[in-house]
Amino acid sequence: MMETLHTALAFIFAIALLVAVHEYGHFIVARKLGIHVEKFSIGFGPALFSWRGKDGEVEYIIAAIPLGGYVKMLGENPDEQGEEQATELSDAELARAYHVQPIWKRASVAVAGPLFNFIFAIVAYMLVGWLGQTVMPAVVGNVAPSSIAERAGLIQGDVLKAVNAKQVVSWQQFEESLKDTVGTEVNITYVRDGASYSVNMPVKEFKQDALLVNVAEDGLGLSLGTQVFVDSVIPNSPAEQAGLIKGDQITQFDGHDIGSTRELIRSIQEHTGKSLTLGILRANTHLQLAVTPKAESNHGVGRMGVHLMSKPLSEAIIYRMGVWEGVSYGFTRTAEMTVLTVQVLGKMVTSAISPDNLGGPIAIAQLAGRTADLGVAAFITFLALISVNLGVLNLLPIPVLDGGHLVYLAIEKVRGKPLSIAVLERMQLLGVLLIGVLMIFAFYNDLMRLFRG
């Protein structure tokens, strides 16, 4: 019960904060440009609290449903832009109405919301850099047999220092530095027994990882190295029939040492319907167990019926950045996450990544709760990531989103006059339907993940 409450509070705080940042962008730019703002609401639905500012012009609202918000400007909606409505306004009011403003002012208001999300992310990542992050050190934990890294002479325990002369401290930095080297040659500097070495290696191309988040392992054969344990065994599964129990450490498959959980899972999938010998360490005793992974359906991948957990060979470290390094990190990390978000969306559209990866409110709430448990830096990182996603998504050319408004304005610029009110209303309805379908699909994905555990 307390865990659920904690997750809910973390989620509400995160969404309310990021919505406030986004809507404040629209609000402050509109006000600075002299546009009449009528309402500034955090949340939808019935108002829990409301008050007016000192000038009595803007009504500020805290509403009951904290999944969004809005800034209501005079003359913003299509039904307020007709001649009848215009005649009801005084000259002074009409001069400050949204729909009579020049295109550059309206475009500035539209883009201000996403822009403030990106600014928030930049500042958040700066804070994370200064506060310090818990990271895995860039230490080689496993070198795959016959891999590029093994042929280049790297061994377990080598400390990775630089990729193409760019310094790396954490394994994440090492991975990210490798992303642009796939299919080319990379120069890696490492330290062994106090001495520094440098080696050139080709990074092979691969198709298994659409997001390139495991380049070190798939492109070079390097990984952090992990100890893999059985967290639970599914009843009547091949694993239970083979004799695996909770707490078993899986050390080998078919005589090969296990370097990572991904490596084990891939081996299991490749042995669907075939016997696989696992090396098990149980209470300081080494065992050999034979298991035959079974496909869940005719076209399913092989599974043996266990939930795994892993423990890195290296201990995590706290990495704190200097002032200017933190500033640089804020900008570069926001840019990287923006590009990654766009790439993920593009790959979902082209089916390079399954749309099943799309998460909704439940997934975001769970992530909010988990990161809040991990500490301030982790929670701020989560806020920055979601803020970048909000910025990118709101710039999509979909009616009712900021990107849709920018499209309207571009069309108006080309035509020399705005779209008709009837067209705007139909486009708004289409946008609402499309967003509704996406939200239902994301919510469905969330429920399926909950049911699958």
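The values are calculated or read from the model by the stated rules, or taken from the named source; none is laboratory data. Everything numeric here is computed off the predicted structure, so don't read it as measured data. Note that we place each Cβ from the backbone using ideal geometry, even for glycine, and neighbour counts take in every protein chain shown. Areas reflect the complete protein model, heavy atoms only, side chains present, ligands, DNA and RNA absent. Shrake-Rupley method; radii C 1.70, N 1.55, O 1.52, S 1.80 Å.
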TODO: Could you tell me which GluC sites (Glu not before Pro) in the stretch 257-296 are loop residues by DSSP with no more than 16 other beta carbons within 10 angstrom of their beta carbon?
DONE: Glu296
TODO: Quick one: dipole size for the stretch 151-197, taken about the Cα centre, charges +1 on Lys/Arg Cβ and -1 on Asp/Glu Cβ, in debye to the nearest 20.
DONE: 80
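What dipole magnitude, in Debye to the nearest 20, does the chain give about its Cα centre under +1 on Lys/Arg Cβ and -1 on Asp/Glu Cβ? If you can, show how the numbers build up before the last one.
Details: 34 positive and 42 negative charges, 83 e Å.
In debye, rounded to 20, the chain gives about 400.
Based solely on its DSSP helices, what 222 nm [θ] is calculated for the chain when runs of n ≥ 4 H residues each add -39,500 (n - 2.57) and the sum is averaged over all residues, nearest 500 deg cm²/dmol? Provide the component values of the computation, followed by the final result.
Numbers: 13 runs with 204 residues, N = 453.
Calculated at 222 nm, the ellipticity per residue is -15000 deg cm²/dmol.
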- [ ] Kindly state, to the nearest 0.05, the FRET efficiency for Asn164 paired with Ser90, given R0 = 60 Å and r defined as their beta-carbon distance.
- [x] 0.40
Open item on the list: Using each residue's phi in the stretch 333-340, evaluate 6.51 cos²θ - 1.76 cosθ + 1.60 at θ = phi - 60° and report the 3J(HN,Hα) Karplus result to the nearest Hz, with x for Gly and Pro.
Closed with: 5, 5, 4, 5, 5, 5, 4, 4
- [ ] Pull up the cross-link candidates among the lysines for Lys246, meaning alpha carbon to alpha carbon under 21 Å and not fewer than 8 places away within one chain.
- [x] Lys294, Lys311
- [ ] Write down the accessible area per residue of the chain in Å², having rolled a 1.4 Å probe over the full set of protein chains.
- [x] 54
Task: Ile62-Gln156 pseudo-label distance in nm [points 7 Å out on the Cα-to-Cβ vector] - done: 5.5
- [ ] Any chance you could run the full-extension gain for Leu433 through Ala410? It's 0.36 nm times the residue separation minus the Cα-Cα distance, nm to one decimal.
- [x] 6.0 nm
Open item on the list: Tell me the label only: which of (1) 32; (2) 49; (3) 38 is percent of Cα pairs over 38 Å apart as calculated from this structure?
Closed with: (3)
Open item on the list: Using only Cα atoms and rounding to the nearest 10 degrees, what angle (0 to 90) does helix 2-32 make with the longest principal axis of the chain?
Closed with: 40
Open item on the list: Tell me the angle of helix 261-270 to the major Cα principal axis of the chain, expressed in degrees between 0 and 90 and rounded to the nearest ten.
Closed with: 80
TODO: Enter the angle in degrees (range 0 to 90, nearest 10) between the Cα long axis of helix 361-374 and the first principal axis of the Cα atoms of the chain, meaning the one along which they spread out most.
DONE: 60
Open item on the list: If DNA, RNA and ligands are ignored and the probe is 1.4 Å, what is the ranking of Met439, Met427, Met348 by accessible area, most exposed first?
Closed with: Met439, Met427, Met348
Task: Sites matching trypsin sites (Lys or Arg not before Pro) across the stretch 156-233 that sit in DSSP coil, with at most 14 neighbouring C-beta atoms within 10 Å - done: Lys204, Lys207
TODO: Go through the stretch 116-133 residue by residue and turn each phi into a ³J(HN,Hα) via Karplus (6.51, -1.76, 1.60, θ = phi - 60°); whole Hz please, and just put x for glycine and proline.
DONE: 5, 5, 5, 4, 4, 4, 4, 5, 4, 5, 4, 4, 4, x, 6, 5, x, 10
Task: Under 5 Å, built H, 5+ apart or other chain: amide partners of Gly75 - done: Tyr98
TODO: Figure the gain on full extension for Ala422 and Glu205 (residue separation times 0.36 nm, minus the Cα-Cα span) and round it to one decimal in nm.
DONE: 73.0 nm
Task: Candidate lysines for bridging to Lys72, where Cα separation is under 26 Å - those fewer than 8 sequence places away on the same chain excluded - done: Lys32, Lys39, Lys54, Lys105, Lys413, Lys417
Open item on the list: Given a 1.4 Å probe and heavy atoms of the protein chains only, how would you sort Glu38, Glu205, largest accessible area at the top?
Closed with: Glu205, Glu38
TODO: Would you calculate the separation in nanometres between label points at Ile245 and Thr332, each defined as 7 Å from the Cα along the Cα-to-beta-carbon direction?
DONE: 5.0
